[in-house]
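*Asks:* What follows is a single structure, and I will ask about it in a moment.
None of the figures in this text is laboratory data; all of them are computed from the coordinates on show. Everything numeric in this text was worked out from a predicted model, so none of it was measured. Cβ: placed from backbone, ideal geometry, glycine included. Neighbour counts: every protein chain shown.
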Amino acid sequence: HIAIINRKCHDLKHQLKVLATADESQRAEYIAEAQKSIIFYQRLIYTDNEALNTILAEKGLFCQEKDIDFQCSVDDVDLSFIRLPDLYAILGNAIDNAIEYVQEQSDPNMRTISLRISKNHQFVGIQISNPYAGAALSPWELPKSRKDNPYNHGFGLQSIRYLAKKYGGTMEFSADNGLFTLQVVLQGTNRTSDYDHSL
């Protein structure tokens with residue numbers, strides 16, 4: 001977070017200097033950029049989990065630079081039972097998949113991502129959704145990678161599904177009615193004894 005703020009403050013200092021001599025059209029452009037930065041800071045979510053804060057800040061900044069509307073809602077949830085590499089893998093893959101799709105869309109209404117992390121008794125729920133213009137998919141049909149070499153990609157959802165099972169939970173998704181939604185449910189008590197902790 002400090003690195004992001006330092007970077008933005010550095011940019012704003014230069015923009016303020018330019019504003020003093022800029023014409024009206026340039027001034028409007030710099031003001032709009034500053035307003036976008038303020039909105040980003042207002043949307044930063046701070047939790048007791050430093051790894052989660054880092055992921056959300058990193059992905060949020062990337063989305064801001066790509067003009068993607070990234071909205072987050074995080075309840076008071078204890079994620080300490082999730083190993084850090086697993087947390088990065090689950091959230092990183094889920095958000096990156098959504099970014100990969102929406103950044104190819106030219107319609108601003110299609111360039112949105114919504115993330116919700118919530119708790120229901122001993123379960124933690126992670127839901128991420130984005131607009132979807134493709135054909136409907138069956139619940140057992142994993143979306144194909146849109147990258148140039150699908151043989152080296154497309155493992156993100158498989159990894160999330162594996163990790164969900166590792167923590168006694170499930171991964172489900174739906175892709176219809178113009179919306180792709182990924183839902184991951186994890187048990188709040190660690191049930192990883194049947195899995196290789198080195199993965």
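*Asks:* At 7 Å along the Cα-to-beta-carbon direction for both residue 104 and residue 50, put a label point, then send me their distance in nm to one decimal.
*Replies:* 3.8
*Asks:* Could you work out the local net charge near residue 183, counting Lys and Arg as +1, Asp and Glu as -1, over the other residues with Cβ closer than 12 Å to its Cβ?
*Replies:* +1
*Asks:* Provide the packing ranking of 83-96, 63-76, i.e. peptides ordered by the mean count of other C-beta atoms within 10 Å per residue, highest first.
*Replies:* Top of the packing list down: 83-96, 63-76.
*Asks:* While we're looking at this one, here's another question. May I ask you to list the aspartates and glutamates whose Cα is less than 14 Å away from that of residue 165, ignoring any residue fewer than eight positions away on the same chain?
*Replies:* Hits, sequence-local ones excluded: 86, 194, 196.
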